[in-house]
Structures are given as structure tokens and as C-alpha cells.
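Input: a single structure, listed below in C-alpha cells.
The values are calculated or read from the model by the stated rules, or taken from the named source; none is laboratory data. Computed from a predicted model, the values in this text were never measured in an experiment. Cβ coordinates were reconstructed from backbone atoms using ideal geometry, including for glycine residues, and neighbour counts include every protein chain displayed. Keep in mind that these areas ignore ligands, DNA and RNA; they rest on the heavy atoms of the full protein, side chains included. Shrake-Rupley method; radii C 1.70, N 1.55, O 1.52, S 1.80 Å.
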Amino acid sequence: MTRTPRRDSTTAAPGQAVLDLVVFLAGFSFLIHEVVWNRLLSLVLGGTVTAATLVLAVFMAGFGAGAAVWGRAADRARRPWALLSYLLLGLGVMGALAYCLAGALLPRLGPAGAHAGAALLLGVPSFLMGGLFPLAGRLAAAGRGPLAPALGRLYALETLGSALGGLAAGFVLLGTLGQDLTLAAAVAVDLGLGAWLLATRGSVAPP
């Protein structure tokens, strides 16, 4: 009789609940970043279609490249929780830095330079965002129970968080907080999640 390989129990139910919450909130912050960048580039580049196309293309490319690179890193990581926390902390720092640089530098460049600079600056945080799901999948694989439903739940939570983040940014946050503070809210979520994970689960490693 064929035996199903046993998955280790490093990530028990409380760990899974933490992972679910992190994935949901990270997805929420990701779409706030995207909406704010779309607004910023619409003002800098002078066209909403151009800005939306550039943001979407760079986000997708960054997500894909990040997933490929971080997926390999996740497979080798002895402390995947710590790696996930570093990724979120890095996203918060680089997201804020890229946004500030974009606002200061892009208006001084010509059209071609502004497009290239925007793609470069936006590519860094989107590359970090691409690592979320590979690392979350690595942690889910260390838990109990079937893997496929766990991955499906994580994907659903990230998608739901992203949808709510986009709606909140477009219909509430930009109008009440303004562009800069809306981006600051997303950065605060990223930094808060990263610091919390590092403090509470950063030392957790599979046997």
C-alpha cells in the first residue's frame, strides 16, 4: 500500500492562523502600494493609461521574478519565518524609499528617463512582494493536514486582502489621508508585520 509522505508539524494550528493573517494583511498592503504608485505616476507622466500600464507591467514582472528567486531561497531556508519577516521589513523600507525617490527625481527627467526610472524604482518593492507566496507555501508545507487546501486558502486570503486594499486605497484612504499618508499606511503594515514576526516567530526553524 502506498503511504502518503508525512509532513512535519512545525507549523501547528496557531502558526497557521498567524500565516493566514500575515498573508491577508500583506495582500492588503500590496494593493495600496499599487494604487498609490498608479496615482503618483499619473501625475508625473501626465497620463492615466500610461501610468496604469507601466504599474501593472512592472508589478507583474516583479512578482514573477520575485517568486522565482524567493522560491529557491524559501526551499533552502532553515528559518522561513525569519526570512518572511526580513522580506516584509525590506518591503517597508524599500517601498518608502522608492516612493520618495520617485517623487523627487522622476519629474526632473525627460519622458524616456521618467519611464525607465519609474520601472526601476517600482521593480524593487514588487520583486520583494513576489516572495510572499513562495515563503507562505514553504511554511504551509511544514504544517499538518493536506497541502493543497492550505495553499488554496492562502491564495484566497491574499486575493481577498488585495481586493480590499485596492478598494480601501481608491475609495477611502486617498480621499481622507492623501497620497503620502496612504503610502505610509501600507509601509506601516509591512514594517509592523515584519517586526511582529521577527519578535514572535523569527527563531522558529524546522527540525
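Among 73-80, 43-50, sorting by the average number of other beta carbon atoms lying within 10 angstrom of each residue, highest first, gives 73-80, 43-50.
Assuming R0 = 41 Å, can you tell me the calculated FRET efficiency for the pair LEU97 and ALA148, based on Cβ-Cβ distance, to the nearest 0.05?
My answer for the efficiency is 0.60.
Along its three principal directions, the equivalent ellipsoid of region 84-207 from the Cα gyration tensor extends over semi-axes of 31, 17, 15 Å, largest first.
Rounded to the nearest 20, the Cβ-based charge dipole of the chain about its Cα centre (Lys and Arg +1, Asp and Glu -1) stands at 740 debye. The mean accessible area for residues of the chain, using a 1.4 Å probe and ignoring ligands and nucleic acids, is 48 Å² per residue. Using the rule -39500 (n - 2.57) for each DSSP H run of four or more residues, divided by the residues of the chain, the 222 nm mean residue ellipticity is -28000 deg cm²/dmol.
When the residues HIS115, HIS33 are ordered by accessible surface, computed with a 1.4 Å probe over the protein chains alone, the sequence from largest down reads HIS115, HIS33.
The string of couplings for region 48-63 from the Karplus curve (6.51, -1.76, 1.60, θ = phi - 60°) is 5, 5, 4, 5, 5, 5, 5, 4, 4, 5, 5, 4, 5, 5, x, 4 Hz, one whole number per residue in order, with x for Gly and Pro. The listed residues VAL22, VAL124, VAL35 rank as VAL124, VAL35, VAL22 when sorted by accessible area, largest first, using a 1.4 Å probe.
The candidates ARG201, ARG72, ARG108, arranged from most to least accessible area with a 1.4 Å probe in the full protein assembly, appear as ARG108, ARG72, ARG201.
Distance distribution P(r), region 26-82, all Cα-Cα pairs, bin width 5 angstrom from 0: 4, 18, 19, 19, 15, 11, 7, 6, 3, 0 percent. Note on region 50-99: Rg/Rh from Cα positions, Kirkwood definition for Rh, rounded to two decimals, is 1.07. The ALA68 and ASP180 beta-carbon pair, evaluated with R₀ = 35 Å, returns a calculated FRET efficiency of approximately 0.60. Each principal axis of the chain carries a Cα extent, and these read 66, 32, 29 Å when sorted largest first.
The calculated pair-distance distribution of region 39-145 uses every alpha carbon pair, bins of 5 angstrom beginning at 0, and gives 2, 13, 20, 20, 15, 11, 8, 6, 3, 1, 0 percent. Farthest towards the positive end of the charge dipole of region 65-207, among the residues ALA150, VAL172, CYS100, is the Cα of ALA150, using unit charges on the Cβ of Lys, Arg, Asp and Glu.
Can you pull the percent of the chain's accessible area that's carbon plus sulfur, 1.4 Å probe, other chains left in place? The C+S portion of the solvent-accessible surface of the chain is 70 percent.
You can think of it this way: the chain between LEU109 and THR48 has 20.1 nm of extra reach, that is 0.36 nm per residue less the Cα-Cα gap.
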